[in-house]
Amino acid sequence: MLENKVAVVTGAAKGIGRAIAFALASEGAMVIVNYRGSHSQAEETVKEIEAAGGKAEAYPCDVAGGPAVEAFFSDILNRYGRVDILVNNAGVTRDGLLMRMSDEDWDQVLDANLKGAFHCCKWAAKAMLKQKSGRIVNIASVSGVMGNAGQANYSASKAGLIGLTKSAARELSSRGITVNAVAPGFIETDMTAKLSDRVKEAATGQIPLGRFGNPEDIAAAVAFLASDQAGYITGQVLCVDGGMAM
Ligand code: NAI
């Protein structure tokens, strides 16, 4: 159970982040629903968590910006006094073949997916080191584990996130902080809704369990890694992908 714990979930207004926010709140955590963009969507998520008996607050912050993330965590610490769980879920795709990929597409993906997680790890770890406890879960991807044609920027960001996970796990372990990654396969969200039927069919053919996953499949794995029961697991990458990357 996560009673009296404060959890930050980035990019949590919709999709996988929203399901993670729900799962942590249903275990009793106070969840900061971080978002960039639509306030109404984040507010909606908070209202639904509250209607289900949970505690949550919507909080805007573009995690790609260093000073903004520092201010975000310092405000949370001032108001709640602690940060127990950080889930780096915010992510974007700008797919395209390597030969045609622009610097802008590369930078946008690396900034949101990798630099954003670096910023959040840095400021959350500061609080967790003082507390001598904490759980960080980074949402990587099967693309970061196996590579994926058309996703050089995205795969690099997610493989980088796995490296960040392992280094942070080694640095923070002596203070009782665990850092792990969850690597989702194809999950039904807005991110995959834009794929063509042909691509979806080809992807399904590569999944031993024969179907796309749903956001709750990822949320369950994250909730476990965020729990006290997972205290002896650190630096790991848990693939939740229907068997794709085995
Ligand atoms: P989504 O597009 O529905 O949600 C991503 C959220 O992140 C959006 O709400 C977006 O506004 C937010 N976000 C993006 N950049 C941000 C920033 N700089 N600061 C704050 N928020 C930001 O996508 P989905 O599918 O829910 O993805 C969640 C995570 O799971 C991402 O990291 C994604 O890469 C990862 N993932 C998703 C897979 C899938 O099949 N849907 C597969 C593997 C990984």
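Below, the figures for the structure above:
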quantity	calculated
Some residue of segment 45-62 being away from the ligand (no atom under 15 Å from the Cβ), β-branched (V, I, T) and touching a residue at least 40 places away in the same chain (Cβ under 8 Å)	no
Given (1) within 14 Å of the ligand (Cβ to nearest atom); (2) surrounded by 23 or more Cβ atoms within 10 Å (Cβ to Cβ); (3) free of Cβ contacts under 8 Å to residues at least 60 places away in the same chain, index of the condition M128 fails	(1)
Conditions (1) in contact with a helix residue (DSSP H, G or I) (Cβ under 8 Å, 6 or more places away or on another chain); (2) buried (at least 16 other Cβ atoms within 10 Å of the Cβ); (3) at negative phi; number of the one not met by G11	(3)
Matching residues, segment 102-134, being of a type in the set (D, E) and part of a loop (DSSP other than H, G, I, E, B)	none
Total residues in segment 25-43, condition part of a helix (DSSP H, G or I), in contact (Cβ under 8 Å) with a residue 24 or more places away in the chain and either within 15 Å of the ligand (Cβ to nearest atom) or out of contact with any helix residue (DSSP H, G or I) (no Cβ under 9 Å at 6 or more places or on another chain) (or both)	2
Residue pairs meeting the criteria (Cβ under 6 Å; at least 6 apart or on separate chains; first modelled with pLDDT of 95 or more, in segment 220-246; second crowded, with 20+ Cβ neighbours inside 10 Å and basic (K, R))	A226/R135
Among (1) over 30 Å from V199 (Cβ atoms); (2) in a helix (DSSP H, G or I) - the single one M99 does not satisfy	(1)
Residues satisfying the stated conditions in segment 74-96, i.e. part of a helix (DSSP H, G or I) and either more than 16 Å from the ligand (Cβ to nearest atom) or closer than 25 Å to T189 by Cβ (or both)	S74, L77, N78, R79, Y80
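Condition check ((1) buried (at least 17 other Cβ atoms within 10 Å of the Cβ); (2) among the aliphatic types (A, V, I, L, M); (3) under 28 Å from K130 (Cβ atoms); (4) away from the ligand (no atom under 16 Å from the Cβ)) across all residues:
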{"position": "N153", "(1), (2), (3), (4)": "yes, no, no, no"}
{"position": "L161", "(1), (2), (3), (4)": "yes, yes, yes, no"}
{"position": "T189", "(1), (2), (3), (4)": "yes, no, no, no"}
{"position": "R198", "(1), (2), (3), (4)": "no, no, no, yes"}
{"position": "E201", "(1), (2), (3), (4)": "no, no, no, no"}
{"position": "T204", "(1), (2), (3), (4)": "no, no, no, no"}
{"position": "P215", "(1), (2), (3), (4)": "yes, no, no, no"}
{"position": "L225", "(1), (2), (3), (4)": "yes, yes, yes, no"}
{"position": "L238", "(1), (2), (3), (4)": "yes, yes, yes, no"}
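The values are calculated or read from the model by the stated rules, or taken from the named source; none is laboratory data. Nothing here was measured: the structure is a model prediction, and the numbers come from that model. Heads up, the Cβs are rebuilt from the backbone with ideal geometry, glycines too, and the neighbour counts pull from every protein chain shown.
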